[in-house]
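The values are calculated or read from the model by the stated rules, or taken from the named source; none is laboratory data. The shown structure was predicted, so the numbers you read here are calculated from the model rather than taken from an experiment. Here the Cβ positions follow ideal geometry from the backbone for every residue, glycine too, while neighbour counts run over all protein chains shown. Quick note on the areas: whole protein, heavy atoms, side chains included, nothing else; ligands and nucleic acids left out. Shrake-Rupley method; radii C 1.70, N 1.55, O 1.52, S 1.80 Å.
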Amino acid sequence: MRVVDLASRPDLCDAALDLGDVGGQFIYQGVSGKMITAERFLRLWGRYFLIALDDDGVPIARALSVPLAFPAEGRTELPDHGWDEAIQWAAQDVMDAREPTALCALEVVISPKLRGTGLSAPMLKALKARAAEDGLRKLIVSVRPIGKEHEPDTPMPDYAARRRPDGLLADRWLRTHERLGARVIKVCPFAVTLTGTFADWREWTGVELVEGENHIPGGIAPVVASKALDHGCYIEANVWMEHPMD
C-alpha cells in the first residue's frame with residue numbers, strides 16, 4: 001500500500017470520493033458534509049486528504065482531515081458540536097490567518113471490498129505522521145462508533161463506555177483508535193446536525209418519515225419528525241478522542 005495526498009494527486013479526487021461514506025450518505029447533505037466534499041475545501045486542505053493506493057495505483061482508502069488551532073483563544077475545550085464545529089473552526093482559522101496547532105480527522109473510508117481487513121489503522125497512522133511532519137501537536141478525532149448503527153436509541157455515553165472483558169472498548173472503531181494509543185476525551189452530543197423536509201429525507205435515505213422517531217439506514221440516532229412542520233431533524237453524538245504524538 002502506498003499513501004499519497006490530494007495536493008500531489010488531484011486527479012484521484014473523484015475515485016477517492018467514490019469509495020463510499022462513513023455510514024450514511026445522508027451525512028453529506030448537511031452544511032458541514034457539503035463543505036468537506038466541495039472542490040474549494042478539498043483544494044484548500046489537499047495536503048490533509050490522504051489516499052491509499054494498491055499496487056496498480058487504484059485508490060483503496062481515504063482519510064480526510066483539517067488543520068485547526070486547538071487549544072486557542074476561545075477554544076479551551078473540544079466542542080460539543082464535534083465534527084460540525086471542527087470544520088467551522090478550520091474555516092475560521094483560514095479566514096483569520098490563525099496558525100493551526102492540531103489536526104482533526106474527519107473520516108476514514110475504506111473500499112467496500114477491503115473493509116474489515118485492517119486498513120483503517122494504517123490510515124490513522126498516516127494522518128498522525130502528516131500532523132507530526134507539519135509540526136502539529138495533536139491529532140484529534142470526533143469518532144463515529146460503527147456499532148452504534150445497531151443501537152440508534154442507546155444514549156452515546158452508555159454505548160461509548162462499554163468495555164470487553166479484556167478491558168478494551170467494546171465498539172470496534174473506538175477500539176481501533178484505543179489500540180493506537182488514543183484516549184477518550186468526552187462525548188460530543190451534537191456532533192452532526194442535519195435537518196430537512198420529508199421529501200428531503202425520502203431522497204437521502206429512501207425512508208418515508210412518520211411522526212415521531214424514525215430509524216434510517218446508516219443512522220446512529222433517530223430522525224425526529226413532525227408532519228405538521230414537514231420537518232425531520234437528525235442529531236448524532238460522537239466521541240472525541242486524542243492520539244498521542246510521541
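Things worth noting here:
- For residue 233, the solvent-accessible surface with a 1.4 Å probe is about 30 Å², rounded to the nearest 10.
- Separation in nanometres of the label points that stand 7 Å from Cα toward Cβ, at residue 39 and residue 203: 2.1 nm
- Total lysine pairs whose alpha carbons fall under 21 Å of each other in the chain (8 or more apart, or interchain): 5
- Extension gain for residue 195-residue 11 works out to 63.0 nm (0.36 nm per residue, less the C-alpha to C-alpha distance).
- Between the listed residues 191, 226, 241, the Cα displaced farthest toward the positive end of the dipole of the stretch 177-244, a dipole computed from Cβ unit charges relative to the Cα centre, is found at 241.
- In a DSSP loop and with at most 16 other Cβ atoms within 10 Å, the trypsin sites (Lys or Arg not before Pro) in the stretch 47-115 are 98, 115.
- Karplus-derived 3J(HN,Hα) values for the stretch 224-235, using 6.51 cos²θ - 1.76 cosθ + 1.60 with θ = phi - 60°, are 9, 10, 10, 5, 4, 8, 6, 8, x, 10, 10, 10 Hz; glycine and proline are entered as x.
- Restricting the calculation to Cα atoms, the stretch 62-146 shows an Rg/Rh of 1.00 when the hydrodynamic-style radius is the Kirkwood one.
- Acute angle (nearest 10 degrees) that the helix 120-133 long axis makes with the longest principal axis of the chain, alpha-carbon atoms: 50 degrees
- Computed label-point distance, nm, for sites residue 168 and residue 151 using a 7 Å Cα→Cβ extension: 1.8 nm
- Of interest is the spacing of the C-alpha centroids, which for the stretch 99-163 and the stretch 1-26 amounts to 16 Å.
- Of the GluC sites (Glu not before Pro) in the stretch 1-82, those whose Cβ has at most 11 other Cβ within 10 Å and which sit in DSSP loop: 73, 77
- Cα pair count fraction exceeding 21 Å, expressed as % - the stretch 172-246: 41 percent
- Using alpha carbons only, the radius of gyration of the stretch 109-246 set against its Kirkwood radius gives Rg/Rh = 1.04.
- Two-decimal log10 I(q)/I(0) for the stretch 15-71, as the Debye equation yields it once each C-alpha is a single scatterer, q = 0.16, 0.18, 0.23, 0.24 Å⁻¹: -0.56, -0.70, -1.04, -1.09
- Volume per residue of the C-alpha convex hull in the chain, rounded to whole Å³: 136 Å³
- Per residue solvent-accessible surface (Å²) - the chain, probe of 1.4 Å: 47 Å²
- Fraction of accessible area attributable to carbon and sulfur, the stretch 83-225 (%, probe 1.4 Å): 52 percent
- Two-decimal ratio, the stretch 124-193, of alpha-carbon radius of gyration to 2.2 N^0.38 Å: 1.22
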